[in-house]
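Take a look at the structure set out below.
The values are calculated or read from the model by the stated rules, or taken from the named source; none is laboratory data. No experiment lies behind these values; they were computed from the predicted model shown. Methodologically, a virtual Cβ is constructed for each residue, glycine included, from the backbone with ideal geometry; neighbour enumeration extends over all protein chains shown.
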Amino acid sequence: AQKITQTQPGMFVQEKEAVTLDCTYDTSDPSYGLFWYKQPSSGEMIFLIYQGSYDQQNATEGRYSLNFQKARKSANLVISASQLGDSAMYFCAMRGVTGYSTLTFGKGTMLLVSP
Amino acid sequence: GAVVSQHPSWVICKSGTSVKIECRSLDFQATTMFWYRQFPKQSLMLMATSNEGSKATYEQGVEKDKFLINHASLTLSTLTVTSAHPEDSSFYICSAREPLNSGAYTDTQYFGPGTRLTVL
């Protein structure tokens, strides 16, 4: 069974500052993928970034980077230079071995960016 | 990224009626789509996996006779909530998995904008 833990129900950050959203995971699969999604108040789930368990380098996508520490089973999302539009719910998710495996989501972290 | 549409975006219906929600992958063929349900301030709960041309795989506790899923083509999956009741009111969101053989490496699920169902 897979499990995702997001321990921060809410985070505050000032505009232009960086923020780290925590995510730890547990799985017995030898190969897995980790995802971060953003859900603004409109409800749409927006894919942000992906990290494969065998990727040698941490994933980056623009202002988003994933701090992947395999030994600690953590996959924290770092948002640099926060913007007001970053205010949203953020979900960490993982899938197990390839094929028809499904995503397991964490409970989410609400990020509020203040001016 | 890939685009997934969902229709309608919101619907209000009377108790006892059926409601159909459509999920379409607009720029890729999706052999697998997923249906989720989300209650306010909670995470997504997977309801079922929809495979093109075959029966859907439902998660434990999800009534297959109440939530009918049809994946008739590589770009369309539908969820029908039959005999809806107020407790079925929720946010329903679908996703489509971009297949690996298209060149996509991540096997990422792309989500539709969701459908807010209110049953009176």
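So that you can scan it fast, the table gives a plain yes or no per residue for (1) in contact with a Pro (Cβ under 7 Å, 6 or more places away or on another chain); (2) farther than 23 Å from A:Tyr90 by Cα:
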{"site": "B:Ser9", "(1), (2)": "yes, no"}
{"site": "B:Ile12", "(1), (2)": "no, yes"}
{"site": "B:Ser18", "(1), (2)": "no, yes"}
{"site": "B:Thr32", "(1), (2)": "no, yes"}
{"site": "B:Tyr36", "(1), (2)": "no, no"}
{"site": "B:Lys66", "(1), (2)": "no, yes"}
{"site": "B:Leu76", "(1), (2)": "no, yes"}
{"site": "B:Gly112", "(1), (2)": "no, no"}
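The residues of segment A:53-72 that are surrounded by 16 or more Cβ atoms within 10 Å (Cβ to Cβ) and at pLDDT below 95 amount to a single one, A:Ser53. Take segment B:78-95 and flag every residue that is closer than 24 Å to B:Thr108 by Cα and within 14 Å of chain A (Cβ to nearest Cβ). Within segment B:78-95, B:Phe91, B:Tyr92, B:Ile93, B:Cys94, B:Ser95 meet the criteria. Of all the residues that make up segment A:37-61, how many are more than 16 Å from A:Leu84 (Cα to Cα) and either touching a helix residue (DSSP H, G or I) at 6+ places or on another chain (Cβ under 6 Å) or not aromatic (Phe, Trp, Tyr) (or both)? Looking only at that region, the number is 16. Looking at B:Arg116 and the list (1) within 8 Å of chain A (Cβ to nearest Cβ); (2) at negative phi; (3) in a loop (DSSP other than H, G, I, E, B), which single condition is not satisfied? Among (1) within 8 Å of chain A (Cβ to nearest Cβ); (2) at negative phi; (3) in a loop (DSSP other than H, G, I, E, B), the lone unmet condition for B:Arg116 is (3).
Go through chain A and tell me which strands (runs of 3 or more DSSP E), entirely inside it, have 2 or more residues that are within 14 Å of chain B (Cβ to nearest Cβ). Before the answer, list the steps.
On the way: elements: A:3-5, A:10-14, A:19-21, A:24-26, A:33-39, A:46-52, A:64-69, A:74-79, A:88-95, A:103-105, A:109-114.
Once the strands (runs of 3 or more DSSP E) in chain A are filtered for at least 2 residues that are within 14 Å of chain B (Cβ to nearest Cβ), what remains is A:3-5, A:33-39, A:46-52, A:64-69, A:88-95, A:103-105, A:109-114.
Quick test for you: out of B:Ser15, B:Ser54, B:Ser73, B:Ser95, pick the one residue that is touching a residue at least 24 places away in the same chain (Cβ under 8 Å) and either farther than 21 Å from A:Gly33 by Cα or of a type in the set (Lys, Arg) (or both). Don't jump to the end; show me each part of the working.
On the way: B:Ser54 fails: touching a residue at least 24 places away in the same chain (Cβ under 8 Å); B:Ser73 fails: touching a residue at least 24 places away in the same chain (Cβ under 8 Å); B:Ser95 fails: either farther than 21 Å from A:Gly33 by Cα or of a type in the set (Lys, Arg) (or both).
Among B:Ser15, B:Ser54, B:Ser73, B:Ser95, only B:Ser15 is touching a residue at least 24 places away in the same chain (Cβ under 8 Å) and either farther than 21 Å from A:Gly33 by Cα or of a type in the set (Lys, Arg) (or both).
No other residue among A:Met110, A:Met89 is in contact with a Gly (Cβ under 8 Å, 6 or more places away or on another chain) and touching a residue at least 60 places away in the same chain (Cβ under 8 Å) apart from A:Met110.
What about A:Ala75, is it within 9 Å of the chain's Cα centre (by Cα), surrounded by 15 or more Cβ atoms within 10 Å (Cβ to Cβ), among the aliphatic types (A, V, I, L, M) and closer than 25 Å to B:Ser50 by Cβ?
Working: within 9 Å of the chain's Cα centre (by Cα): yes; surrounded by 15 or more Cβ atoms within 10 Å (Cβ to Cβ): yes; among the aliphatic types (A, V, I, L, M): yes; closer than 25 Å to B:Ser50 by Cβ: no.
No: the conditions fail for A:Ala75.
Checking every residue in segment A:24-38 against the condition of being basic (Lys, Arg), surrounded by 15 or more Cβ atoms within 10 Å (Cβ to Cβ) and in contact with a strand residue (DSSP E or B) (Cβ under 8 Å, 6 or more places away or on another chain) gives at least one match. One residue stands out in segment B:6-38 among those that are within 12 Å of chain A (Cβ to nearest Cβ) and among the aromatic types (Phe, Trp, Tyr): the one that is nearest to the chain's Cα centre (by Cα), namely B:Trp35.
Annotation for segment B:79-99: no member residue is surrounded by fewer than 14 Cβ atoms within 10 Å (Cβ to Cβ), at pLDDT below 95 and either part of a strand (DSSP E or B) or among the hydrophobic types (A, V, I, L, M, F, W, C) (or both).
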